[in-house]
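The block underneath contains the structure these notes are about, expressed in structure tokens.
The values are calculated or read from the model by the stated rules, or taken from the named source; none is laboratory data. Owing to the predicted nature of the structure, the values given are computational and were not obtained by experimental measurement. All Cβ positions, even for glycine, are placed from backbone atoms using ideal geometry, and neighbour counts span all protein chains on display.
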Amino acid sequence: MEYIALGCMSGTSLDGIDCSLIKSDGVSYVNEISNEYIPYSDELQLKLHNVILKGYLADIKVINQLNQEYRDSINNFIKKNNLEIDLIAMHGQTVYHDQKTKISIQLFDKSIRFNTHSPIICNFRKNDLLNGGNGAPIMPEFHRVLANQLGLKKVIFVNIGGVTNITVIDNQKITAGDSSFGNAIVNDLIYEKTKERFDVDGSLSNNGQKIDDLFKYITSDEYFLENFPKSLDRNSFHKYLDNFIKERKLNNSIYTLLEVIPFAINSLISSQSDFKIILMGGGRKNLTLQKIFKNYFNDVSLIDIYNMNGDFIESQGMAYLGIRYLLKKHSTYYTTTKVLKNIYLGERC
């Protein structure tokens, strides 16, 4: 049976809502129909950043505003596409994630209803956490179907969002985890120094240089000694902002942080010479980071060369996971999250 599913994703970069419509059987193929990015209002972005930086939600109005922007954005997307949708898969906005305590918080009001009678599937991390898993990453099964469609036997999908997570596919064997921080620490540093949101095209870091002692200091963090599967919160490495980075030149600090991202991946892979490295997520657009990746790996490309939009892989993946929920198909495994048994993800809202 074929389904049309709407996937909605808000990542740890806190910038807005990604919406994707796909057509899929939930097993063997995924066809893209439509994608749209709807940015949060500046006011909501600032409020969400404050929630994450403070570590608590002091104003319930933040949730009300988030719910309103979700409702308006998704209703407009549904209206524009004018298709009969079989389900909506809703991730919500992550504000906290900790693999050790098995707590992962995504803000989303389960009572929200949209201009459709389609069932809504949410809480995609809950079942994994309740069964001993880390709760992240949850996209590896989607990456596997992409690899099969593209005819790729040995590939590493690198999603550079607020956190960097990778899926290693080696002839159907699948391994995954969060390899390091991603855009979050870089963007937060840039915002503090310049009030800009991010390093557009890598322009700030382009003339930067690696700070050797800073690089060594960060990569000596015990997280890099752990094997997969493992996961991170977006703020897990922000302690280095307070302790060390702020004293340095901004361009050199950004460059050094970027260098850690491919270094961490390279350290996790015993033999990467025959793997294709495919970059996805917002971080793939940073030209400096692309260059650094090519210093570490032989075969690096963007997902976009396969006629896929690298901004919407995760929202498409959410739609795919929603279909697998309806089918009660497994989507998470010990080798991806340390979950104690293979299970499907999500629950009916």
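Under the condition of being free of Cβ contacts under 8 Å to residues at least 60 places away in the same chain, of a type in the set (S, T, N, Q) and in a helix (DSSP H, G or I), which residue from segment 181-223 is farthest from Asn50 (Cα to Cα)?
My answer is Thr219.
For segment 313-323, state whether one or more residues are more than 16 Å from the chain's Cα centre (by Cα) and either among the aliphatic types (A, V, I, L, M) or over 21 Å from Phe275 (Cβ atoms) (or both).
Just the residues of segment 313-323 that are more than 16 Å from the chain's Cα centre (by Cα), to begin with: 322-323.
Cutting the leftovers down to either among the aliphatic types (A, V, I, L, M) or over 21 Å from Phe275 (Cβ atoms) (or both) gives us 322-323.
So far as segment 313-323 goes, yes, one or more of its residues are more than 16 Å from the chain's Cα centre (by Cα) and either among the aliphatic types (A, V, I, L, M) or over 21 Å from Phe275 (Cβ atoms) (or both).
Kindly provide the set of residues from segment 304-320 that are in contact (Cβ under 8 Å) with a residue 40 or more places away in the chain and either in a helix (DSSP H, G or I) or within 13 Å of Arg144 (Cα to Cα) (or both), ordered by number.
Tyr306, Ile313, Glu314, Ser315, Gln316, Gly317, Met318, Ala319, Tyr320
Take Lys47 and tell me if it is touching a residue at least 24 places away in the same chain (Cβ under 8 Å) and not assigned by TED's automatic domain parsing to the domain that holds Ser179.
No, not satisfied.
Look at segment 1-50 and say how many of its residues are outside any strand (DSSP E or B), out of contact with any helix residue (DSSP H, G or I) (no Cβ under 8 Å at 6 or more places or on another chain) and aliphatic (A, V, I, L, M).
Summing the residues that are outside any strand (DSSP E or B), out of contact with any helix residue (DSSP H, G or I) (no Cβ under 8 Å at 6 or more places or on another chain) and aliphatic (A, V, I, L, M) in segment 1-50 gives 2.
Take the residues in segment 1-16 that are at pLDDT 95 or above and aliphatic (A, V, I, L, M); name whichever of them is farthest from Ser236 (Cα to Cα).
Within segment 1-16, the match that is farthest from Ser236 (Cα to Cα) is Ile4.
Can you tell which of Ile33, Ile22 is at pLDDT 95 or above, of a type in the set (A, V, I, L, M) and surrounded by fewer than 22 Cβ atoms within 10 Å (Cβ to Cβ)?
Ile33
Within segment 64-99, which residues are more than 18 Å from the chain's Cα centre (by Cα) and among the polar types (S, T, N, Q)?
Asn64, Gln65, Asn67, Gln68, Ser73, Asn75, Asn76, Asn81, Asn82
Can you tell me which of (1) under 19 Å from Arg125 (Cβ atoms); (2) crowded, with 22+ Cβ neighbours inside 10 Å; (3) not aromatic (Phe, Trp, Tyr) is the one Leu57 doesn't meet?
For Leu57, the failing item is (2).
When segment 163-187 is examined, which residues are found to be over 20 Å from Ser267 (Cα atoms) and either within 17 Å of the chain's Cα centre (by Cα) or crowded, with 24+ Cβ neighbours inside 10 Å (or both)?
Taking segment 163-187 and keeping what is over 20 Å from Ser267 (Cα atoms), we get 171-172, 184-187.
Result: Ala184, Ile185, Val186, Asn187.
Identify, from the list Asp98, Asp128, the residue that is crowded, with 23+ Cβ neighbours inside 10 Å and of a type in the set (Asp, Glu).
So the residue among Asp98, Asp128 that is crowded, with 23+ Cβ neighbours inside 10 Å and of a type in the set (Asp, Glu) is Asp128.
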